[in-house]
Ligand code: PLP
C-alpha cells in the first residue's frame, strides 16, 4: 500500500477516474433540476474529501472513545455552533450519516417498536421514512397516514386531526419530499399536543430556505426537527437533528450508539463549512432567488399549458401533472434526460399510475440557482421542457434541445477545475 498511497486517482484507478470525469462533464453540461439536489462549493468539496476520512471519533466532542480527536472536536463543535446559529433550537446533533438515519434516530429517541406514527402519505408528498411499509419506519412502527385534499391538493389538517384522535399516534411527522406548499406548523403542534404525540418535523427539502430566511421555520414548533444537509441547504450528503433540551440526551444516544458507530468526520467538517456559508448574507439572496425562480418556472409551465399540482409553489419545487397531457412521468423523465434536463418522475396526489410510471414529474430550482440562473433562464427552460415533452419521440429534436441546453449551461460555469473525460473505461 505504501508504494501506492501517493498515486492520483487517475494513476491508481483509471476506471473510477473516468467515471468521475464523465460525471463532472454531465453535471457541467446538463440542467440539474432534481429538487433534492444541489452543487456544493469547492470549499465544502475540499472538506468532504479531506484526511478526516481516516479518523474514528465515536462519542461526542470532549467525550470520545478514541484518542487523537482534538481536531475532530474542533470541526464538530464548529458544525454544532453554526447549526444552532442558523436554526436556533436548544440542542443539535450533527452526526447522522443521512436524512434517513436522522429520522431513524429521532424516532428511536421518543418511540418504542410497535408505537403508532402518523406521517404524510408518500404518494401525497411524504417520504419513505415517514412510515412506508418498505422502510424501517413502516416495519418497526405502526404507520398511519394523512393526505392532501382532492380539491386543493393542500394538506387536510382537519383530516389529520381526526386521524390523530382516532389512532392516538405517539409521533406526528411533518415534512416531505414533494410538497410544494407551506406547512401549518402551529396547527400540527396543537394537534400533537391534543393527542399526546411528539411533533417531529423533517425539513430536509426546505432547510436551506429556512436558513436563508425565506421560509417559516418548524424549529420553534417541533420537539424534534430533522433534515438532510445536501438539498437546499447546499452541504455534503448527510443529516442533522435539532431538538428541545429535554430530548437532547435521548437523541444523542439514539444517534450514537443507537444507529451509528463513528461519525463521518470529513462530512461533519464539510457540514461546518456549509453552515458557515449558510450564515453569510449571500445565502439569503440565494434562498430568495431559488424560490423566485421556482415561482417563475411554475407560472411559465402553466402558461405552456401544464397543470401544476396545487396550482403553484411556495418553495423550491413543483409537481407537474404531465399525465393530464397523456404523458407518463417515466416518459417525461426519459425525454427530458435526452434533452439534457434532469428531473424525476413522481406520483401526484390520488395518482392512477404506479410509482415507476407515475403521472407527474418533480422539478426544482436549487441547483440551477446555485449556478446563477435567474428568471429569464427559467422562462427559457419552461419553453424547452414543453418542447421536449411535445417532441418526446423525436430523438433528433431532443438532441437539438440538448445542444441549446449545453450552451446555456456553459454560460453559468460550475467548478473551475472541470476536466475533459479521460478516454478509458466507462
Ligand atoms: N427526508 C426527506 C423529506 C427527504 O426528502 C429525504 C431524501 O430525499 C430524506 C429524508 C432521506 O435522506 P437520505 O437520502 O439522506 O437518507
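The numbers here are math on the coordinates, done by the rules we state, and not lab data. Every value quoted in this text rests on a predicted model; they were computed, and no experiment measured them. Glycine gets a Cβ as well: all are built from the backbone with ideal geometry, and neighbour counts include every protein chain shown.
Given their separation in residues at 0.36 nm each and the Cα-Cα distance between them, residue 246 and residue 407 gain 52.6 nm when the chain is fully extended. Between residue 282 and residue 352, the simple label model (points 7 Å from Cα in the Cβ direction) yields a spacing of 4.9 nm.
Considering only beta bridges that DSSP places wholly inside the chain, some 55 percent are antiparallel. The calculated FRET efficiency for residue 187 paired with residue 9, based on their beta-carbon distance and R0 = 56 Å, is about 0.65. For the chain, adding -39500 (n - 2.57) for each run of n ≥ 4 DSSP H residues and dividing by the number of residues yields -13000 deg cm²/dmol at 222 nm.
Residues 122, 334, 209, ranked from the fewest to the most other C-beta atoms within 10 Å, line up as 334, 122, 209.
Would you please give the FRET efficiency between residue 41 and residue 165, computed as 1/(1 + (r/R0)^6) with r the Cβ-Cβ distance and R0 = 35 Å, to the nearest 0.05? Efficiency at R0 = 35 Å is approximately 0.15.
Of the residues 145, 136, the one with the fewest other Cβ atoms within 10 Å heads the list, and the complete ranking is 136, 145. Take every Cα pair under 8 Å whose residues are at least 6 apart in sequence, average their separation, divide by the length of the chain, and the relative contact order is 23 percent.
What's the center-to-center distance, using Cα atoms, between segment 6-71 and segment 114-187 in Å? Computed from Cα coordinates, the inter-centre distance equals 34 Å. Rounded, prolate or oblate: which fits segment 49-278, taking a ≥ b ≥ c as square roots of the Cα gyration tensor eigenvalues, rounded meaning a/c under 1.5, else prolate when a/b beats b/c? Since a/c reaches 1.5 and a/b is larger than b/c, the shape of segment 49-278 is classed as prolate. Beta bridges from DSSP with both residues in segment 49-278: antiparallel share about 45 percent, rounded to the nearest 5. Once the C-beta distance of residue 133 and residue 396 is scaled by a Förster radius of 60 Å, the resulting FRET efficiency is 0.85 to the nearest 0.05. Ordering 243, 69 by the number of other Cβ atoms within 10 Å of each residue's own Cβ, fewest first, gives 69, 243. Each of residue 292 and residue 383 was given a label point 7 Å from its Cα along the Cα-to-Cβ line. The distance between the two points is 2.1 nm.
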